[in-house]
Structure formats: C-alpha cells, structure tokens
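Everything below concerns the one structure shown next.
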Amino acid sequence: MGQVCQSCGMPMDKDPGGGGTEVDGSRSSKYCSLCYDTGAFRQPDFDVSQMQAFCIDALQKKGMPRFMGWVFTRSLPRLERWKTS
C-alpha cells in the first residue's frame, strides 16, 4: 500500500486534489486536500473520534456500509496527526 494521509488515512493516490497545500502553495506530502489547505487543517478542532465519525459518514455517503467505514478508519489513532492527541 502506498502513502496515506496522516490525518484521515485516505490513500494519497486517491486524493482528488493531489494532496493538501502548505502556506506557500506547495503540495503537502503528509496530508490530503480534504484534510489540509494552506498550511492548516480543515477540521482543526476535531479529535480522533470526531475524525473517525466524519470519515465513516463520508464513506457511507459514497455507498460503503458503516461497518466497512469503521474497518477502514480504525487505524486513525496511529496516524501522525493523532499520535499526540
């Protein structure tokens, strides 16, 4: 498996925006465009459980069963953004 967003766990090669952006406009190699824009998180006040619920809801809207959404997001606490939370 390739690199994943260190906030939501989405494979970076599936990111519709090609990666988030830093303040200077360069692409982030750590965070996807759905989580990170101009050097800041789009959901800055989320804790890991809120991010997991947000991702499960988004995946369910795309047709994935909730249980599978949970399976895909259960590793979020091990991602870089959440290790210190």
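The values are calculated or read from the model by the stated rules, or taken from the named source; none is laboratory data. Model, not experiment: these values are computed from the prediction. As a convention, Cβ positions derive from the backbone with ideal geometry for all residues, glycine included, and neighbour counts pool all protein chains shown. Protein only, heavy atoms only, side chains kept; ligands, DNA and RNA dropped before computing areas. Shrake-Rupley method; radii C 1.70, N 1.55, O 1.52, S 1.80 Å.
If you average the sequence gap of Cα pairs under 8 Å that are 6 or more apart and divide by the length of the chain, what percent do you get for the contact order?
Once divided by the residue count of the chain, the mean separation gives 26 percent.
Please name whichever of G39, S7, W70 sits farthest to the positive end of the charge dipole of the chain, dipole taken about the Cα centre and charges placed at Cβ: Lys and Arg +1, Asp and Glu -1.
Projecting each Cα onto the dipole axis, the largest value belongs to W70.
Cα gyration tensor of region 1-46, axes a ≥ b ≥ c as square roots of the eigenvalues: rounded (a/c below 1.5), prolate (a/b > b/c) or oblate?
Note, shape of region 1-46 comes out oblate.
Once you place label points 7 Å from the Cα toward the Cβ at Q60 and D47, how far apart are they in nm?
Placing both labels 7 Å beyond Cα along the Cβ direction yields 2.1 nm.
Report, to the nearest whole %, how much of the accessible area of the chain belongs to carbon and sulfur atoms, 1.4 Å probe, protein only.
That share works out to 55 percent.
Note the full-extension length gain between A40 and S75 as 0.36 nm times their separation in residues minus their Cα-Cα distance, in nm to one decimal.
10.4 nm
If a/c stays under 1.5 just call it rounded; otherwise compare a/b with b/c (prolate if a/b is bigger, oblate if not). Do that for the chain, with a ≥ b ≥ c from the square roots of the Cα gyration tensor eigenvalues.
prolate
Cross-link candidates for K83: which lysines have Cα within less than 18 Å, leaving aside residues fewer than 8 places away along the same chain?
Cα-Cα hits under 18 Å: K30.
Could you provide, to the nearest whole Å², the per residue accessible area of the chain with probe 1.4 Å?
65
Along the Cα→Cβ direction, 7 angstrom out, place labels at M68 and T84. What is the inter-label distance in nm?
Simple spin-label model gives 3.6 nm for this pair.
Going highest first, how would you order 57-69, 22-34 by mean Cβ packing within 10 Å?
So the order, starting with the most tightly packed, is 22-34, 57-69.
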